[in-house]
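Here the structure comes first, spelled out in C-alpha cells, and everything after it is commentary.
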Amino acid sequence: MKERAFLSDIPRAVKERVNYDLLMEEIIKKERQSGKKTLLMHACCAPCATECINRVREAFDVTLLFYNPNIDGKEEYDKRANEVVKLCSAYGVPYVIEDYRPNEFYSAAEGLESEPEGGARCLKCFALRLNHTAALAAERGFDYFGTTLTVSPHKSAAAVNGAGFEAEKLTGARFLPADFKKKGGYLSSCNLSRELGLYRQNYCGCRFSLR
C-alpha cells in the first residue's frame, strides 16, 4: 500500500494520479481478514451515501454522520437530514444528525465567497467537514472515518482525500481513502436513490455554488 503520510504534501497534479479506489480496496481486503471494523462515514446527502455504504459494508460496520453546515437554510438542511434518516432506516445503518450550524461554514469561507466552484472555498469546506468527522470518530472510538463526497463527478478525489489525510494528522483517527465515483459509482447512486424514492438536490447546498 502506498505511504499515507506523503499524500498531503505533493502537488495536486500528482495526487490526481493516485488510485484512491485501489487504496480503499487494499484496506478492505486487509480488514476482511481480521474481522469487521467500525467506520464513521460523513454523508453529504442520502443519495450519495447509497453506493458508498454498499461498497464498504462487507468490511465495516458503518455509521452515517450528517454534518453539512455549508447548506443554505435550515429547511433545506432538515430536508436532506430527513432523507439520511430514511436511507439509514432502509439499510439498517445507525446515524448521527448534527445540529444546523451555518456560522461554522461562513467563518471557514470568509474572504472566499467569490471563488469558483471547486476552488479554495470548497477546499475549506472539505476540511471543515472532515476535521469534524475525524474528531468525532476519535472521540467515539471508531476504527476509521471517511466521506461520501468522492462519489460526485464534480468533486476532486485528490482534494477530498487530501483533506481526509490532513484530518487524520490532526486527530489521530484513521482515514479511509476512496474514490466512490469509480466503477460506475455515481450512476449507481442515482439508480439506488430513485429506487428508494430519495430527494435528490441539484447543487451542493451552499449559497455560493447556487449563485
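Amide H to amide H under 5 Å from VAL96: which residues, 5+ apart in sequence or cross-chain, H placed 1.01 Å off N in plane?
When sequence neighbours closer than 5 places are left aside, the close amide H contacts are LEU64, LEU65, PHE66.
Ordered by residue, what ³J(HN,Hα) values in Hz, to whole numbers, does region 128-145 give under the Karplus form 6.51 cos²θ - 1.76 cosθ + 1.60, where θ = phi - 60° and Gly and Pro are x?
Once θ is set to phi - 60°, the couplings for region 128-145 become 4, 6, 6, 4, 5, 4, 5, 4, 5, 4, 5, 4, 9, x, 6, 6, 9, 10 Hz.
Which option, (i) 10.2; (ii) 11.0; (iii) 12.8, is the value of mean projected area of the Cα convex hull in nm² that was calculated from these coordinates?
Only one listed value fits the structure, namely (ii).
Under a GNM of the chain (C-alpha, springs under 10 Å), which listed residue has the highest mean-square fluctuation: PRO153, PRO69, PRO47?
PRO153
Might you work out the accessible area of GLU51 for me, using a 1.4 Å probe with all protein chains in place, and round it to the nearest 10 Å²?
Rounded to the nearest 10, that gives 20 Å².
Which residue, SER114, SER156, SER188, has the most motion in a Gaussian network model of the chain that connects Cα atoms within less than 10 Å?
Residue with maximal mean-square fluctuation among SER114, SER156, SER188: SER114.
Tell me, what HN-Hα J-couplings in whole Hz come from the Karplus equation 6.51 cos²θ - 1.76 cosθ + 1.60 at θ = phi - 60° for each residue of region 20-36, using x for Gly and Pro?
5, 5, 5, 4, 5, 4, 5, 5, 4, 4, 5, 5, 4, 6, 10, x, 4
Given a 1.4 angstrom probe, what's the average accessible area per residue across region 60-105, in square angstrom?
Normalised by residue count, the accessible surface of region 60-105 is 43 Å².
Could you give the accessible area per residue of region 129-170, probe 1.4 Å, as a whole number in Å²?
Per-residue value: 33 Å².
If one computes the Cα centroid of region 137-167 and of region 109-136, what distance in Å separates the two points?
A separation of 12 Å, based on Cα centres.
Taking H placed 1.01 Å from N in the peptide plane, check which residues at least 5 places from PHE145 or on another chain put their amide H under 5 Å from its amide H.
The answer is LEU40, ARG174, PHE175, LEU176.
Would you pull out the residues with amide H under 5 Å of ASP61's amide H, same chain only if 5 or more places away, H placed 1.01 Å from N?
Those lying under 5 Å, H to H, from ASP61 are LYS37, THR38, LEU39.
Express the Stokes-Einstein translational diffusion coefficient of region 70-188 in µm² s⁻¹, to the nearest whole number, given a Kirkwood radius over alpha-carbon pairs, 4 °C and a viscosity of 1.567 mPa s.
84
Can you run phi through the Karplus equation (6.51, -1.76, 1.60; θ = phi - 60°) for region 98-113 and list ³J(HN,Hα) in whole Hz, with x for Gly and Pro?
With coefficients 6.51, -1.76 and 1.60, one gets 7, 4, 7, 9, x, 4, 5, 6, 5, 5, 5, 8, 4, x, 10, 4 Hz.
Go through GLY184, LEU210, TYR199 and say which Cα lies farthest out towards the positive end of the charge dipole of region 162-211; charges sit on Cβ, +1 for Lys and Arg, -1 for Asp and Glu.
It is LEU210, whose Cα lies furthest towards the positive end.
Out of the total accessible area of the chain (probe 1.4 Å, heavy atoms of protein only), what percent is carbon and sulfur?
That fraction is 50 percent.
The values are calculated or read from the model by the stated rules, or taken from the named source; none is laboratory data. Keep in mind that this is a model prediction, so the values were computed, not measured. Positions of Cβ are backbone-derived with ideal geometry, glycine not excepted, and every protein chain shown enters the neighbour counts. To get the accessible areas, we keep the full protein, side chains included, count just its heavy atoms, and leave off ligands, DNA and RNA. Shrake-Rupley method; radii C 1.70, N 1.55, O 1.52, S 1.80 Å.
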